[in-house]
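K.L.:
Attaching a single structure in structure tokens format; questions to follow.
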Amino acid sequence: MKIGIIGAGNIGGNLTRRLTALGHDVSVANSRGPQTLTELAEETGATPVAVEEAAKGAEVVVITIPVKAVPNLPSGILDGAAADVAVIDTNNYYPQQRDGRIAAIEDEGLTESGWTERQIGHPVVKAFNGTYAQDILDRPLPAGDPDRMALPVAGDEPAKAKVRALIDELGFDTVDTGGIADSWRQQPDTPVYGLRAGTEAVAKALTEASPERPATFRG
């Protein structure tokens, strides 16, 4: 598949490494420009591009940047993507640590990924937001392995099915969180956030989440 990755930090960089190793055609962009991605490109064979070009022709686009930077993405960021493009949102809202207070999340009750959908004007699938970046490299296992990790995934079909298939290819099981309105179950400080476990434990953790935003994640 052709995959565009916007953000080349820990998650974006390691997804670039794994997806290129699996044979996908990956374009990667960051806010500082393609000239800063030469080393990653040489390591992986990915194509460094400007943010405006990252989604062109892509069947999957990964947005993995700070939440506060999402409104600064270029208008029409998904123009030129495949008609059925699946957009993966890996982001988390950290109001005290990084992002500042976002009223729509805290006052309107939007989920973090629901807010991202509003900013980009396109549905997203929430995945990888509670995954340790190094685990993307170190913990893939074949399907059926009893020690295989499972990741929660929230969003609507058919995009969610495409994302879950890609995560399976990366070496992880998935558990369906529900739609984006249910994605609070995997936001920061929930039981599943950062959980390294299989499908049964991940499914249980999702049921134990509270919709009330904890004080440590309020602005």
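The values are calculated or read from the model by the stated rules, or taken from the named source; none is laboratory data. Here the structure is a predicted model, which is why all the values come from computation and not from measurement. Cβ placement follows ideal geometry from the backbone for every residue including glycine, while neighbour counts extend to all protein chains displayed. Keep in mind that these areas ignore ligands, DNA and RNA; they rest on the heavy atoms of the full protein, side chains included. Shrake-Rupley method; radii C 1.70, N 1.55, O 1.52, S 1.80 Å.
K.L.:
Filter the range 58-90 for residues that are among the hydroxyl-bearing types (Ser, Thr, Tyr) and at pLDDT 95 or above; which is farthest from Pro158 (Cα to Cα)?
P.N.:
Thr64
K.L.:
How many residues does the range 161-176 hold that are closer than 15 Å to Val60 by Cβ, of a type outside the set (Ser, Thr, Tyr) and free of Cβ contacts under 8 Å to residues at least 60 places away in the same chain?
P.N.:
Final tally of qualifying residues: 5.
K.L.:
Taking only pairs six or more apart or across chains, which ones have beta-carbon atoms under 7 Å, a first residue in the range 54-65 that is in contact (Cβ under 8 Å) with a residue 24 or more places away in the chain, and a second residue that is in a strand (DSSP E or B) and charged (D, E, K, R)?
P.N.:
Close Cβ pairs (under 7 Å, with a partner that is in a strand (DSSP E or B) and charged (D, E, K, R)) amount to Gly57/Lys2; Ala58/Lys2; Glu59/Lys2; Ile63/Asp89.
K.L.:
Any chance you could count how many residues in the range 83-104 are closer than 14 Å to Thr216 by Cβ and assigned to a helix (DSSP H, G or I)?
P.N.:
5
K.L.:
In the range 63-76, what count of residues is obtained for those that are out of contact with any helix residue (DSSP H, G or I) (no Cβ under 6 Å at 6 or more places or on another chain) and open to solvent by less than 10 Å² (accessible area, probe 1.4 Å)?
P.N.:
Here the count works out to 1.
K.L.:
Counting only residues that are among the charged types (D, E, K, R) and assigned to a helix (DSSP H, G or I), which one in the range 1-34 is most open to solvent (accessible area, probe 1.4 Å)? Reasoning before the result, please.
P.N.:
Taking the range 1-34 first, the residues among the charged types (D, E, K, R) are 2, 17-18, 25, 32.
From what's left, assigned to a helix (DSSP H, G or I): 17-18.
Details: Arg17: 76, Arg18: 42 Å².
Only one residue tops the list, namely Arg17.
K.L.:
Could you look through the range 126-176, keep only residues that are assigned to a strand (DSSP E or B) and among the β-branched types (Val, Ile, Thr), and pick out the one that is nearest to the chain's Cα centre (by Cα)?
P.N.:
Once the filter is applied, the top-ranked residue is Val153.
K.L.:
Please verify whether Glu108 is of a type in the set (D, E, K, R), part of a loop (DSSP other than H, G, I, E, B), modelled with pLDDT under 95 and surrounded by fewer than 20 Cβ atoms within 10 Å (Cβ to Cβ), treating the condition exactly as stated.
P.N.:
Details: of a type in the set (D, E, K, R): yes; part of a loop (DSSP other than H, G, I, E, B): yes; modelled with pLDDT under 95: yes; surrounded by fewer than 20 Cβ atoms within 10 Å (Cβ to Cβ): yes.
It is true that Glu108 is of a type in the set (D, E, K, R), part of a loop (DSSP other than H, G, I, E, B), modelled with pLDDT under 95 and surrounded by fewer than 20 Cβ atoms within 10 Å (Cβ to Cβ).
K.L.:
For the range 178-212, how many residues are in a loop (DSSP other than H, G, I, E, B), touching a residue at least 60 places away in the same chain (Cβ under 8 Å) and surrounded by fewer than 16 Cβ atoms within 10 Å (Cβ to Cβ)?
P.N.:
Here the count works out to 2.
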